[in-house]
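Visitor: My structure is below; once you've seen it, I'll send some questions.
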Amino acid sequence: MSNHLLSISDLDTDRLHALLRTAEQFKNARYRGSELRGKTLAMIFEKPSLRTRTTLEVAAVHLGGHAVYLDARQVGLGVREPVRDVAENLGRWVEGVSARVNKHETVAGLAEFAGVPVINALSDAHHPLQALADLMTLKENFGRLAGVRLAYVGDGNNVLTSLLEAAALAGLEVVVSTPEGYEPDAGLLERARARFVRDPFEAVQGADAVYTDVWTSMGQEAEAERRLRDFAGYTVTPELMEAAGGEAIFLHCLPAHYGEEVVEEVAHGPRSRIFDQAENRLHTVKAVLAHYLGGRPWSG
């Protein structure tokens, strides 16, 4: 298995469940440990962040380590210095690197040359840390992952890609609904044994959870006006949640654009679990650092 976590596909089923078990143990115990004592995590950020930066830094501290925030504008990643040179420098100073980047090739380049574990904290292609928190939240609510039906409504983006990769490992039943031109990769849908439908009301029928994300992600601002038109009819409303059934929960990776992909009434309603997801980012990130940087065994 890879020493890096660049995508959920870098895991197998055993490692995926090991991370979730560790995260659950950490959460239940309000865990503070020493797995990262004397170790430093470098955190490179090309994109702004609330949840990712905070949870990575807090997780490192909770495990007895230290995190160094590196603004990519100051580092000049790929501009002032080539990605390879940045990676080879960091690999001589720190025990791990996390990177929240515009292009997946950047985090892949860091992994190729750093010589220490590299964690993808978001790229245009994948968001594995979010998917782990999503799985943890689903398991908390339903007591299992296999057979849980997740309806994803909206943009076929990096969040959906990681969810589909996770579904393939965990046995989630995923139904995807996007407007024309925003579909996820067909091969990925097939590997996840996911179903695609165009109509969001059809997609949520019988769903245990309804998931959405922003229609215009960071870096796509120039497309915002067109996307608002293209995604008309894909807003998660109380009516859509009712179509899913009375027990369905609502998920969103945040931040939310209220009135676009979801209305505030749903996001802050009794069926919403968005802040559980946000909390679980801390516990799953802590598990990732403990296993990848801290040497915590994958079994046992």
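No lab work stands behind these numbers, since they all come straight from the coordinates. None of these values were measured; they are calculated from a predicted model. Quick reminder, even Gly has a Cβ in these numbers, built from the backbone with ideal geometry, and neighbours come from all protein chains shown.
Visitor: With unit charges on the beta carbon (Lys/Arg positive, Asp/Glu negative), name the residue among THR212, GLY156, VAL86 whose Cα is farthest towards the positive pole of the charge dipole of the chain.
Guide: VAL86
Visitor: For TRP215, TRP93, which order do you get if you count the other beta carbons within 10 Å of each Cβ and list the fewest first?
Guide: Exposure proxy ranking, most exposed first: TRP93, TRP215.
Visitor: Same structure again: Please check which bits of the stretch 139-159 a label hung off ASP199 would reach, taking the label as a point 7 Å along Cα-to-C-beta and the cut-off as backbone N under 20 Å.
Guide: The answer is 150-155, whose backbone nitrogens lie closer than 20 Å to the label point.
Visitor: Right, something else. Only four residue types carry charge here, +1 at the Cβ of Lys and Arg and -1 at the Cβ of Asp and Glu. Report the dipole size of the chain about the Cα centre in Debye, rounded to the nearest 20.
Guide: 1280
Visitor: About the Cα centre of the stretch 129-278, how large is the charge dipole given +1 on each Lys and Arg Cβ and -1 on each Asp and Glu Cβ? Please answer in debye to the nearest 20.
Guide: It works out to roughly 460 debye.
Visitor: Follow-up question, since we're still on this one. Please state the relative contact order of the stretch 208-300 as a whole percent: Cα pairs under 8 Å, 6+ residues apart?
Guide: 30
Visitor: Right, something else. What full-extension length gain, to one decimal in nm, is calculated for HIS66 and GLU105 as 0.36 nm per residue of separation minus the Cα-Cα distance?
Guide: Once the chain is fully extended between HIS66 and GLU105, it gains 11.4 nm.
Visitor: Applying the Karplus parametrisation 6.51 cos²θ - 1.76 cosθ + 1.60 with θ = phi - 60° to the phi angles of the stretch 123-135, what ³J(HN,Hα) value in whole Hz is obtained for each residue in order, glycine and proline being reported as x?
Guide: Rounded to whole hertz, the list is 9, 5, 9, 9, 9, x, 5, 5, 4, 5, 5, 5, 5.
Visitor: Considering Cα pairs under 8 angstrom that are at least six residues apart, work out the relative contact order of the chain and quote it in whole percent.
Guide: With pairs under 8 Å counted, the relative contact order is 21 percent.
Visitor: Using only Cα atoms, tell me the angle between helix 51-62 and the longest principal axis of the chain; keep it within 0 to 90° and round to the nearest 10.
Guide: 40
Visitor: Something else now. For a test of the definition: using alpha carbon positions, the gyration tensor, and the 1.5 limit on a/c, classify the stretch 129-278 as rounded, prolate or oblate.
Guide: rounded
Visitor: A further question follows. Grab the beta carbon distance between LEU228 and VAL58, set R0 = 25 Å, and tell me the FRET efficiency rounded to 0.05.
Guide: 0.10
Visitor: A follow-up question, please. Need the list of lysines near LYS139 for cross-linking: C-alpha distance under 26 angstrom, and skip anything on the same chain fewer than eight residues off.
Guide: LYS27, LYS286
Visitor: Moving to a separate point now. Here are a few candidate values for percent of Cα pairs over 33 Å apart: [x] 21; [y] 15; [z] 25. Which one was actually calculated from the structure I just gave you?
Guide: Of the labelled values, this structure produces [x].
Visitor: Now for a different question. Relative contact order of the stretch 129-278: what whole-number percent is it, with Cα pairs under 8 angstrom and at least 6 residues apart?
Guide: 24
Visitor: Setting aside same-chain residues fewer than 8 positions from LYS103, which lysines have a Cα under 18 Å from its Cα?
Guide: List returned: LYS47.
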